[in-house]
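Structure first, commentary second.
The values are calculated or read from the model by the stated rules, or taken from the named source; none is laboratory data. This structure is a prediction, so every number in the text was calculated from the model and none was measured. When we count neighbours, we look across all protein chains shown, and the Cβ atoms used for this are built from the backbone with ideal geometry, even at glycine.
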């Protein structure tokens, strides 16, 4: 095998409101935690069991970050596809620490809003969330600088 694949697919709920930050380059990024749950019946006791796993999500690209900023909040149900990345950093004591994150960046990422049509928007906003979700599914990214592509159907 000459190639490899690094793809993560998650469907779950946000554990906290997204945190939006601006980078030195002027681009924005969003970070949030997402919970996925697994449910099964214990064979011995016949009890229902649950296990929740938490995932750190990082979103790059101004278009996608704008969608996260406007429509995603704590409790939102979303579907994400991204790449698993581990980064090394140092804590206050100088110890090496590692953080593994699902990164949504570029054309290999996807974020789909799964909440009901009006769950994430105020009544005075007129944006069509179906179009927004469709645009997100088509991997909106700030890395797409090709001016030949049409932005006519993007609602923002």
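Residue 63 meets the conditions (1) in contact with a strand residue (DSSP E or B) (Cβ under 9 Å, 6 or more places away or on another chain); (2) surrounded by 10 or more Cβ atoms within 10 Å (Cβ to Cβ); (3) modelled with pLDDT under 95 in every case but one. The failed one is (1).
Within segment 42-64, track down each residue that is under 15 Å from residue 14 (Cα atoms) and out of contact with any helix residue (DSSP H, G or I) (no Cβ under 6 Å at 6 or more places or on another chain). 52, 53, 54, 55, 56, 57, 58, listed by residue number. Looking at 6, 44, 13, 56, just one residue is in a loop (DSSP other than H, G, I, E, B) and in contact (Cβ under 8 Å) with a residue 12 or more places away in the chain, and that residue is 6.
Scanning segment 18-41 for residues that are surrounded by 13 or more Cβ atoms within 10 Å (Cβ to Cβ), part of a loop (DSSP other than H, G, I, E, B) and out of contact with any helix residue (DSSP H, G or I) (no Cβ under 7 Å at 6 or more places or on another chain) yields nothing. Going through (1) within 18 Å of residue 5 (Cβ to Cβ); (2) in contact with a strand residue (DSSP E or B) (Cβ under 7 Å, 6 or more places away or on another chain) one by one, residue 113 falls short only on (1). Among the residues of segment 73-95, those that are in a strand (DSSP E or B) and farther than 26 Å from residue 13 by Cα comprise 88, 89, 90.
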